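One structure below.
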Amino acid sequence: MGLLTSEWESPDVAARESRPGRRLYTLTAEGARSASSLTHARQAKPQKATRRRLAPA
């Protein structure tokens, strides 16, 4: 979808820390726009009041 790019970290870093290599992900410009629009949409939507019920004693 073009929202992320990924690459493997340097094998030297993983070996130095005695662990398997990690896959590193970065947002693309399109991914940042998409994440920003989701954040703004959630903030703009009024929050419903939630009713909590007490557990019986």
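What follows is calculated from the coordinates using simple rules that are stated; it is not laboratory data. Everything quoted here is computed from the prediction, not taken from an experiment. So basically every Cβ, Gly included, is an ideal-geometry build from the backbone, and we count neighbours across all protein chains shown.
Any idea how many residues of segment 1-34 are at positive phi and hydroxyl-bearing (S, T, Y)?
Selection size over segment 1-34: 1.
Residues being in contact (Cβ under 8 Å) with a residue 24 or more places away in the chain and not in a helix (DSSP H, G or I): count how many of those fall in segment 2-46.
5
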